[in-house]
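K.L.:
The structure under discussion is supplied below as structure tokens; questions concerning it will follow.
The values are calculated or read from the model by the stated rules, or taken from the named source; none is laboratory data. Predicted model only: the values in this text are computed from it and were never measured. When we count neighbours, we look across all protein chains shown, and the Cβ atoms used for this are built from the backbone with ideal geometry, even at glycine. Just the protein is used for accessible areas: all its heavy atoms, side chains included, with ligands, DNA and RNA removed. Shrake-Rupley method; radii C 1.70, N 1.55, O 1.52, S 1.80 Å.
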Amino acid sequence: MALASPYPDVEIPNLSVPEFVLAAGRERPDAPALIDGLKGDVITHGQLAGYVDRVAANLHARGLRKGDVVAVFCPNTQWFPVVFHGIAAAGCVMSPINSLYTPDEIAFQLKDSGAKILITISMFLDRATAAAEKAPLDEIVVLDGAEGHANLFDLLGADAPSVQVEIDQANDLVTLPYSSGTTGLPKGVMLTHRNLVANVAQCLPLLKTGADERIIAVLPFFHIYGLTVLMNQGLALGGTVVTLPRFELEDFLRTIQEYKITRAFVAPPILLALAKHPLVDKYDLSSLESILSGAAPLDEQLAHAVEQRLRKGAGSGVTVAQGYGMTELSPVSHTTPDPDAMPPGVTVDVPKGSVGFAIPNTECRLIDPSTGEDAAPGERGELWVRGPQVMKGYLNNPEATAATVDAEGWLHTGDVAVVDDNGIYTVVDRVKELIKYKGYQVAPAELEAVLINHPEIADAAVIGVPDKESGEELPKAFVVRAMGSELSEESVMDFMAEKVAPHKKIRFVEFIDEVPKSSAGKILRKELKARP
Ligand code: 4UV
């Protein structure tokens, strides 16, 4: 049985992403749209619109056409949104690459996505160049400049004529982030202009807000949470997005104080720092009205601890709450509203450990995995989601698409949830392979593929094991040594540390005689998890 959102449907304007997201800023061209939290540089809404026009024009002049993929390998700066919307306005597709990736990981995404151009910064150029040796590109643009490369000024050049590209909102892709979904290797998630416009429009009724919002953007724009919720939602409000290139607690706290940040969207590790670290008391964080956590489960006690600590003395009314999403959902399907934006007729407190309500235009089902039928009321089940934010599919992978989005349009999340009588959802488990470390995806299949390339490894399987202290899941490898090999745990971990980004490092190794597999060859991860 489909469970509807308790919010009335919203209209989804038939606009491209830049048209929709930049519309509010047109009304207040002199207001700051983007501030560099470290340097203080400001881009106003008026300048942003002008820069976006230039980037689109210059990408067109460099030969890019509708549908071409442009990879972006950059940390959060105020230029990331300029580049993203410029790419989108040119009708091209932005594929964001994780800043921590190794050359092999970058090359995989460049090849798989068919990217023509890579836009990066000089600090990342070594890795970008090494990746481009394995995945040829037309060009690498280095925003802050490097000899022999075009730079930001070339993308902003005045001479190229403006372009007007016709966008078919429901079909044309705007971004291609990578996600392993419920199983296997990372796949290109095809998100259309409509997906992203819809997801911002769907979230707005849950915010009680105006154009004076100042949002701190420390979670990366290369992840869909950063792209949609921090960047696009922030700009669509006509607010100010203050960027930080990485999480350093002191920079984070100073930026909140200095720019009187009103909203922070974070992941649980940042809340842990806010709850525990002595530095927090040295800063005035009283401007903060809302902290929303997402990307991994939020501990209820931790949410209360942060709320109490930040309220103490400062007299602020900050609320700590939680949202839930998935790259394949653009990403939001559930979130906790501002206290004065509750669904019509609902007056209860939303429990801190929950992920709130299904957002407008979103239907859910909870399916009992053992029967394939709807779970009984109050019982847990796999969460299925249907709505305009559901991806178009995985790039060049109709099988994986069909296994994730069924014929009726339900996306099977691989997460297990319960819903109460008020329509409040709590995520209680994950039945897919995916491991999450600090909110980042770690795909066991990807690590297994790297492990079995080691000459002394005959077979391998990876699972996530809970770390009590940090509350994180840590990747653990079960390794079958090749005949005669004396491979040590350390050498397995060292080998992996060279090949994969730091968040994907193998933290534990156990040697076994054989990886348990089903008759169809599927790794029986449950058996590995159940081992003492
Ligand atoms: O694909 P992905 O890396 O996507 C995300 C998206 C997180 C978002 C998005 C919008 C929000 O408003 C927000 O608060 C958070 O992380 O990983 C998707 C998987 O991450 C787990 C779950 O297993 C998803 O399938 N996950 C995401 N949020 C939560 C979560 C959560 N609140 N509680 C438990 N697991």
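K.L.:
In this structure, is Phe221 in contact with a Phe, Trp or Tyr (Cβ under 7 Å, 6 or more places away or on another chain) and hydrophobic (A, V, I, L, M, F, W, C)? Don't jump to the end; show me each part of the working.
P.N.:
Details: in contact with a Phe, Trp or Tyr (Cβ under 7 Å, 6 or more places away or on another chain): yes; hydrophobic (A, V, I, L, M, F, W, C): yes.
Yes; evaluated as a whole, the condition is true for this residue.
K.L.:
Might you check whether a residue that is assigned to a loop (DSSP other than H, G, I, E, B), without any contact (Cβ under 8 Å) to a residue 40 or more places away in the chain, in contact with a helix residue (DSSP H, G or I) (Cβ under 7 Å, 6 or more places away or on another chain) and of a type in the set (A, V, I, L, M) occurs anywhere in segment 158-170?
P.N.:
Yes, segment 158-170 contains a residue that is assigned to a loop (DSSP other than H, G, I, E, B), without any contact (Cβ under 8 Å) to a residue 40 or more places away in the chain, in contact with a helix residue (DSSP H, G or I) (Cβ under 7 Å, 6 or more places away or on another chain) and of a type in the set (A, V, I, L, M).
K.L.:
When Lys505 is evaluated against the numbered criteria (1) open to solvent by 50 Å² or more (accessible area, probe 1.4 Å); (2) of a type outside the set (A, V, I, L, M); (3) modelled with pLDDT under 95; (4) touching a Pro at 6+ places or on another chain (Cβ under 9 Å), which criterion, by number, is the only one it fails?
P.N.:
Result: Lys505 passes all but (3).
K.L.:
Then there is this: Can you pull out the residues in segment 412-430 that are near the ligand (Cβ under 10 Å from one of its atoms), modelled with pLDDT of 95 or more, buried (at least 16 other Cβ atoms within 10 Å of the Cβ) and not polar (S, T, N, Q)?
P.N.:
Scanning segment 412-430 gives Gly414, Asp415, Val416, Ala417, Tyr425, Val427.
K.L.:
To continue, here is another question. Limited to segment 474-493, what total is found for residues that are under 27 Å from Ala296 (Cα atoms) and more than 28 Å from the chain's Cα centre (by Cα)? Talk me through it step by step, then tell me what you get.
P.N.:
Our first condition is that a residue be under 27 Å from Ala296 (Cα atoms); within segment 474-493, this holds for 474-478, 493.
Those still in the list that are more than 28 Å from the chain's Cα centre (by Cα) too: 478.
Residues flagged as under 27 Å from Ala296 (Cα atoms) and more than 28 Å from the chain's Cα centre (by Cα) within segment 474-493 amount to 1.
K.L.:
Where residues in segment 205-243 are charged (D, E, K, R) and without any contact (Cβ under 8 Å) to a residue 60 or more places away in the chain, which of them is nearest to the ligand (Cβ to nearest atom)?
P.N.:
Quick first cut of segment 205-243, residues charged (D, E, K, R) only: 208, 212-214.
From what is left, the residues that are without any contact (Cβ under 8 Å) to a residue 60 or more places away in the chain are 212-213.
Details: Asp212: 21, Glu213: 15 Å.
Among them, the one singled out is Glu213.
K.L.:
Which strands (runs of 3 or more DSSP E) does segment 171-275 wholly contain that include 1 or more residues that are among the small types (Gly, Ala, Ser) and farther than 16 Å from Ala24 by Cα? Explain how you work it out, then say what you get.
P.N.:
On the way: elements: 173-175, 187-192, 214-217, 240-243, 263-266.
Filter on segment 171-275 gives 187-192, 214-217, 263-266.
This table checks each residue for (1) under 28 Å from Leu253 (Cα atoms); (2) near the ligand (Cβ under 9 Å from one of its atoms); (3) in contact with a helix residue (DSSP H, G or I) (Cβ under 7 Å, 6 or more places away or on another chain); (4) modelled with pLDDT under 95.
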position	(1), (2), (3), (4)
Val306	yes, no, yes, no
Gly315	yes, no, no, yes
Pro331	yes, yes, yes, no
Met342	no, no, no, no
Val350	yes, no, no, no
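K.L.:
Next question, about the same structure. Which strands (runs of 3 or more DSSP E) sit wholly inside segment 429-502 and have at least 3 residues that are touching a strand residue (DSSP E or B) at 6+ places or on another chain (Cβ under 8 Å)?
P.N.:
Details: elements: 435-437, 440-442, 457-466, 473-481.
Because the criterion is at least 3 residues that are touching a strand residue (DSSP E or B) at 6+ places or on another chain (Cβ under 8 Å), the strands (runs of 3 or more DSSP E) in segment 429-502 that meet it are 435-437, 457-466, 473-481.
K.L.:
From the residues in segment 368-405 that are in a strand (DSSP E or B) and in contact with a Leu (Cβ under 8 Å, 6 or more places away or on another chain), which one is surrounded by the most Cβ atoms within 10 Å (Cβ to Cβ)?
P.N.:
In this case the residue turns out to be Leu383.
K.L.:
Let me ask you something else. Suppose we filter Glu433, Glu408 for residues that are open to solvent by 20 Å² or more (accessible area, probe 1.4 Å), more than 14 Å from the ligand (Cβ to nearest atom) and in contact (Cβ under 8 Å) with a residue 12 or more places away in the chain; which single one remains?
P.N.:
Glu408
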